[in-house]
Every structure is written in structure tokens, then in C-alpha cells.
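Notes for the one structure printed next.
Derivation of every value follows stated rules applied to the coordinates shown; laboratory data play no part. All values reported here derive from a predicted model rather than from experimental measurement. Quick reminder, even Gly has a Cβ in these numbers, built from the backbone with ideal geometry, and neighbours come from all protein chains shown.
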Amino acid sequence: MDYISTRGSAPALDFAGATLAGLASDGGLYVPREWPRFSEAEIAAMAGLPYEQLAQRIMQPFVGDSVTPQRLLELTTAAYGRFAHAAVTPLKQFDEQQWLLELFHGPTLAFKDVALQLLGLFFEEFLARGTQNLTIVGATSGDTGSAAIDAVAGRAKVDIFMLHPKGRVSEVQRRQMTTVMAPNVHNIAIEGASFDDAQAMVKRMFNDSAMTGRFNIGAVNSINWARLMAQVVYYFAAALQLGAPARKVAFSVPTGNFGDVFAGYVAAKMGLPIERLIVATNVNDILHRALSSGDYSQGTVTPTAAPSMDIQVSSNFERLLFDLGGRDGAALAAQMAGFEATKAMTLTNAQREGAAALFSSARADADDMSRAIRWAWDAAGELIDPHTAIGLHAARGAGIDKSVPVVTLATAHPAKFPDAVERATGQRPELPARVGDLFEREERCVDLVGEYAAVADYVAAHATARD
Ligand SMILES: *Cc1c(COP(=O)(O)O)cnc(C)c1O
């Protein structure tokens, strides 16, 4: 399988190359040249497989010759062996239609672990084959940072520089990043910045020849294809348990960068019968506006109780626009250049109609979110986090036919955001014992001003050259 850029001019790469490259050199994102497809009989035969085996089956067509089937199974077994639940991503039932897919049983309590635990192993595997070092530069609204740091801390040939907007991540999120003392981990708090500002700096570094000439810059954000690939697996896992392929299932996905829900689109492309993908946003609603009226224009970011979704530029939306626009890299490059110049664009008719066939969307404000947290507690005795609550709000309001199960993706453990949960229910969720003495540990982090040059200088002074 090879990977092509959404902007049409970067060289095609194999899976290992695309994983190490992250962003394509023309500023685009890598996507597989075609979507592998499973028949109904092949999907039916996956029912009941342990998660690590299901993961190997779903991912093998994407990985191609880069990893043998036996080695891939070893890697999925190692990655998912670190999860605290034997089912890795267990399903819970709220009522006759609403279900919850718990994706937070990994080491840092958010769904990012599902992909990043595996990505850390892929990096190690591919770097061991050559002489190169990798300099990971990432931006986080909270959860990617902790999950990526956990996945690569102490690994050979990798340094990680993680930027977060200072003061805009929760205390648990910050401590999960800053208390990791491995020498290859570098936390940077950007003063006066939003997540989008930090992400823009990271994207700029990938196109800065002064940096890429000296360092192999790599990505752990969901611009890295391998992350999305790993997330496709749990859509299959959940749907199989609910009767797929004989029965269709709908999913509601709390969304920021459009990564998690794009993985659902990939699952549909691979043959999984998905009735609908519901894109749930908070008041930072660029995706809801784009899907409901074709208006993809960047607003200013409003901080909310669901900070991992406080995003107004949704990087992975580019992958959907590419696929729906006939995979025309030159046309998409022009469309994205227009967006970058004016901070706004309008979807083409083909993109709007293509999206409407599978996606719907909803926006939740602070009251909607609190009500959904309370409903989960009153209806089923479940404490859910604010991000999950936005998904549940959208799921219950989507008007899906009663015969179709609706699965909300539970993207974070409620104890990552205890204040919002306590305000809504009066219950304070407890951190699971596996995170240990997080609040007693020493923290390490540098503060930098929100200017690209300051960040580039810091990375250049602390990173290991390419080889
Ligand atoms: C990252 C994150 C999201 C948004 O996921 P995307 O893939 O960026 O759409 C939602 N909820 C939580 C808890 C997250 O950490």
C-alpha cells in the first residue's frame, strides 16, 4: 500500500515512510492510495476476535509490506496489553438505543492512547532499521501530549517536544505531561496562545528548511496517518458486538481535529455498515457550520469545559474534502491555499453532498453539556466527561431510527475533568489507582513566548540531529 498527499505534489511513500514523515512535504496529509475493502463474509468472520487480533486484521492492508502480520500482532499485543480493561474498548448500555464506547482505559485516560501506544512502537520499529533520529514536534490541547509522551518516553532515537497553550489544559492533563522526567521529553507552554496557534507553529516547522535540513521532524498529532488507522479498529469492534455486518450502527463522535470521526469514515469505506456519523462540537463549531451550511470559516477560539475540542481549524477535514472532491490534489491545494489566505472557504457541491450522505452534525453549549452529564448519571449511574457529554447530547438529538443502535465515543475518563462533572452531578470522579501519585510528582516545563522563532530556537538547541 502506498500513501499519497492530499495536495498532490509530495512523493508517494510506503507505510513506514508516511508514519515517520507525519505531514507531507507539500503541506498536505498522507492518505492511502485506495481504501481496502472487506466483504460482508470477511467482516462476519471477525466477530469475537480478541482486540489485538482484530486490530492486526483491520490494519494489515494499510501496513502492507512495512510490517509482517506476525510482527504486527506482536505490536498490537504489546500496545493493548497496557490497557486496564481486558476488552480494551468496552461497550456500555444506557437504554434500548444509546450505547457508550469507553476508549479511556489506556495509561493516560483518553482515547489518544489507543493510537499512540501503537505509534510509539511503530516509531521504535522503523527507526531501529536505520541510523536516523526522529524529532517529534507536536501541539496539544491536552490529551495528545500526555498520550504521546507516555508512548515515547525513554525510547531510543526519539526526542519529543510538546507545545501546549499555557493555562488552557486541565491540571490532570498538564501533570500527565510535565511530571515525566525522561531526558528525551521536552514540555513547552506557549504564553498567550490557543491550541490553533501552537498547531500552526508545528505545521510551519515541517515546512522550514532550516529545521528540516538538520532534523527529521516527525508528528504525533492526528495529521499522522498511523493514528487514524489505529482508531478505525474500535468502530469495527463496537459494531461487531452490536450485530454488524447484519445490522447497521450509528456513531456520535465528540470532535475537534476531525481525526476520530474520520477514522469512522474510513471504517465505512472499508465496508462496515455505518448508518450515520454524528459530528458533535462544542461552541467552537467550525465543523458543525461546514457540514450544515458549507461554511468552513475560522472563528476565534472560546475556551470551554471540553478543552480538547477548543479548535477552529480542523486539520483532518482536509482528508475528507480530498476524498469527496474526486481526489484531485491540485484542486484541493488551491482550495486550502484560499483558506490559509482568507481563513474561510466554502465547500463545493460535491463535497457538501458527499458529506451529507454519511455525516450529520450538532453543536452543544455549556448547558447542553451539563444536561447530558446529568442524564447519564440519572439514567444509568454513569459519570461521563464533558467531551463525551457533547457526543451524547448530539446522539440523543440526532433522530436516528429506533431500530439502529447509537454509540457515543467516550473519549476521556471523567476524572480528567472532575470540576465540570462535579458541577453537573454533585459527584467528584476519582482518578483510577493506575495514575498513582500524579499530584505529588515534580513538574518540568519551559514557558516560551508565542512566536515561532522562540520555539524553533528552543527545539534546535535541544534536539538530536538527523543522524
Ligand atoms: C482529542 C480529543 C477529542 C477530539 O478528537 P479529534 O480526533 O481531534 O476530533 C475529543 N475528546 C477528547 C477527550 C480528546 O482528547
By how many nm would the segment from Ala86 to Ala128 lengthen if fully extended, with 0.36 nm per residue of separation less the alpha-carbon distance? 12.1 nm
Furthest towards positive pole of dipole, Gly22, Phe322, Thr304, structure part the chain, Cβ charges: Phe322
Quick check: from the Cα gyration tensor, does the stretch 191-309 come out rounded (a/c under 1.5), prolate or oblate? oblate
Which ³J(HN,Hα) values in Hz, rounded to whole numbers, follow from the phi angles of the stretch 30-38 under the Karplus curve 6.51 cos²θ - 1.76 cosθ + 1.60, where θ = phi - 60° and Gly and Pro get x? 6, 9, x, 4, 9, 8, x, 10, 9
Charge tally for neighbours of Asn207 with beta carbon under 14 Å away, counting Lys, Arg as +1 and Asp, Glu as -1, is 0
Give me the extension gain from Glu74 to Arg204: residue separation times 0.36 nm, minus the current Cα-Cα distance, reported in nm with one decimal. 43.2 nm
For the chain: relative contact order, % (alpha-carbon pairs under 8 angstrom, 6 or more apart): 20
Modelled label-to-label distance, Lys343 and Ser25, 7 Å Cα→beta-carbon offset: nm? 3.2
Given charges at beta-carbon only (K, R positive; D, E negative), |dipole| of the stretch 1-149 in Debye: 240
Report, in debye and to the nearest 20, how large the dipole of the chain comes out about its Cα centre when Lys and Arg carry +1 and Asp and Glu carry -1 on their Cβ. 440
Charge dipole magnitude, Cβ of K and R +1, D and E -1 - the stretch 379-453, Cα centre, debye nearest 20: 420
The stretch 363-440: GluC sites (Glu not before Pro) falling in loop per DSSP and having at most 16 other Cβ within 10 Å: Glu430, Glu440
Using a basic spin-label model with each label point 7 Å from the Cα along Cα→Cβ, how many nm lie between Glu430 and Ala334? 6.1
For the stretch 1-143, shape from the Cα gyration tensor axes a ≥ b ≥ c, cut at a/c of 1.5 then a/b versus b/c, turns out prolate
Of all trypsin sites (Lys or Arg not before Pro) in the stretch 126-207, which ones are in loop regions per DSSP and have a Cβ with at most 14 other Cβ atoms within 10 Å? Arg129
Among Met336, Leu118, Ala350, whose Cα projects farthest towards the positive end of the dipole of the chain, with charges put on the beta-carbon of Lys, Arg (+1) and Asp, Glu (-1)? Ala350
Say each of Ala41 and Asp65 gets a label point 7 Å from the Cα, pointing the same way as Cα to Cβ; how far apart are those two points in nm? 2.9
Coil-residue chymotrypsin sites (Phe, Trp or Tyr not before Pro) of the stretch 288-356, DSSP, other Cβ within 10 Å capped at 16: none
Relative contact order of the stretch 207-347, defined on C-alpha pairs under 8 angstrom at six or more residues apart (%): 21
Between Ala156 and Leu49, take the C-beta separation as r, use R0 = 56 Å, and let me know the FRET efficiency to the nearest 0.05. 0.95
Name the shape class, rounded, prolate or oblate, that the alpha-carbon gyration tensor gives for the chain, where a ≥ b ≥ c are the square roots of its eigenvalues, rounded holds for a/c under 1.5, and otherwise prolate holds if a/b is larger than b/c and oblate otherwise. rounded
Spelling out what I want: for every residue of the stretch 261-271, take phi, set θ = phi - 60°, compute 6.51 cos²θ - 1.76 cosθ + 1.60 (Karplus), and round to whole Hz; glycine and proline get x. 6, 5, 4, x, 4, 4, 4, 5, 4, 7, x
Which of the listed residues, Thr89, Trp99, Asn133, is farthest toward the dipole's positive end in the stretch 77-143, when Lys, Arg count +1 and Asp, Glu count -1 at the beta-carbon? Asn133
Please turn the phi angles of the stretch 326-339 into ³J(HN,Hα) values with the Karplus equation 6.51 cos²θ - 1.76 cosθ + 1.60 (θ = phi - 60°), one per residue in order, whole Hz, x for glycine and proline. x, 6, 9, x, 5, 5, 5, 4, 5, 4, 6, 4, x, 5
I'd like the FRET efficiency for Asp365 and Lys402, computed as 1/(1 + (r/R0)^6) with the beta carbon distance as r and R0 of 22 Å, rounded to 0.05. 0.25
